[in-house]
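Coordinate-derived values only; no laboratory data. All figures in this text were calculated on a predicted structure; none of them were measured in a lab. All Cβ positions, glycine included, derive from the backbone under ideal geometry; neighbour counts span all protein chains shown.
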Amino acid sequence: MSDTESKIIIAVDGFSSCGKSTFAKAIAARLGYIFIDTGAMYRAVTLYALRHGAIRSGIVDEQAVVGLLDRIDITFRFNPERGASDIYVNGDLVEGQIRTIEVSNCVSAVSAIPEVRRKLVAMQQEMGRRRGVVMDGRDIGTVVFPDAELKIFMTADPAVRARRRYDELTAKGERVTLEEIERNVRERDAADMSRAVSPLRRADDAVELDNSHMTVDEQMEWLMREFRLRSNR
Ligand code: DC
């Protein structure tokens, strides 16, 4: 069996701030797979739209965003210090700028634009063509890789998720309140689940992981049991 044949695709979908990226990154490191954070791609498009006048005072001009799409070239480069890939737009490193509250407040509207999804889904499918990837997002198990061998749907209590994101942002020096973060988490849940194109939903064959009260180590143990059931190792 070739290497490509023996590797699987692991789809990690779920609500925002569930620790999907942390978990998906840990899985990839453990298995020697490539980790792809698709939320970063939607955030990168949002950042570009903010910087190029397609979002003003928080209002997303859909036609203007679509008009910019051909000018946005997204690439990832592995950063050994982080143990994950950094995201670049047109060659500029934007990893540090895509997780601000300004981008978070506009990203649901940008990710609801069908043309944006079409472009990013095609890129994601290409990145997973050789398998051996752990991809985290909202529609990986339903739309991007409906044939993924292992689909995980992550959930956690919204208050727990808001606290996690609050700690993350304040540690980086951002001045935010817990209330504003919790509002953003709940608004994004509602927007992600109700959008017309690729709404967030659990794939019928996904296994659910509620990590409200689990450590990363406990989640890894759970993962390895599920992984062994679905791979030949
Ligand atoms: O995972 P995240 O919070 O960084 O994702 C940012 C936003 O991007 C989120 O509000 C929903 C959207 N998204 C999406 O629509 N589809 C994906 N596969 C990943 C993210």
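A few remarks follow.
- Helix 114-127 and the long axis of the chain differ in direction by around 30°, with both axes built from C-alpha atoms.
- For the chain, adding -39500 (n - 2.57) for each run of n ≥ 4 DSSP H residues and dividing by the number of residues yields -14500 deg cm²/dmol at 222 nm.
- Taking a ≥ b ≥ c as the square roots of the Cα gyration tensor eigenvalues, region 1-87 comes out prolate, since a/c reaches at least 1.5 and a/b is larger than b/c.
- Under 5 Å from the amide H of Gly137 lie the amide H atoms of Val12, Asp13, Gly14, each residue being 5 or more positions distant or on a separate chain, with H modelled from the backbone and absent for Pro and chain starts.
- Radius 9 Å from Cβ of Arg202, net charge of other residues (Lys, Arg +1; Asp, Glu -1): -1
- Residue by residue, region 20-34 carries 3J(HN,Hα) couplings of 4, 5, 4, 5, 4, 5, 5, 4, 4, 5, 5, 9, x, 9, 8 Hz when phi is fed to the Karplus relation 6.51 cos²θ - 1.76 cosθ + 1.60 (θ = phi - 60°); x denotes Gly or Pro.
- Cα-based shape type of region 72-218, given that a ≥ b ≥ c are square roots of the gyration tensor eigenvalues and the cut on a/c is 1.5: rounded
- Positive dipole terminus of region 110-233, leading residue within Thr170, Ser194, Met214 (C-beta point charges): Ser194
- When each of the peptides 111-121, 132-142 is scored by the mean number of other C-beta atoms lying within 10 Å of its residues, the order from highest to lowest reads 132-142, 111-121.
- Total charge dipole magnitude, region 1-151, about the Cα centre, Cβ charges on Lys, Arg, Asp, Glu only, Debye to nearest 20: 180 debye
- Amide hydrogen proximity for Gly132: with H placed 1.01 Å from N in the peptide plane, the residues at 5 or more positions away or on another chain lying under 5 Å are Ile8, Ile9.
- Computed from phi, the 3J(HN,Hα) profile of region 164-176 under the Karplus parametrisation 6.51, -1.76, 1.60 (θ = phi - 60°) reads 4, 5, 4, 4, 5, 6, 5, 5, 8, x, 6, 8, 9 Hz, with x in place of Gly and Pro.
- Per-residue 3J(HN,Hα) values for region 61-73, derived from phi via the Karplus relation 6.51 cos²θ - 1.76 cosθ + 1.60 with θ = phi - 60°, read 8, 4, 4, 5, 5, 4, x, 8, 3, 5, 8, 9, 10 Hz in sequence order (x marks Gly and Pro).
- Label-point separation in nm, Gln63 to Glu168, each point 7 Å along Cα→Cβ: 3.6 nm
- Prolate/oblate/rounded label for region 165-222 (Cα gyration tensor, a/c 1.5): oblate
- Amide H within-cut-off set for Ser85, under 5 Å, with H built and near neighbours excluded: Asn79
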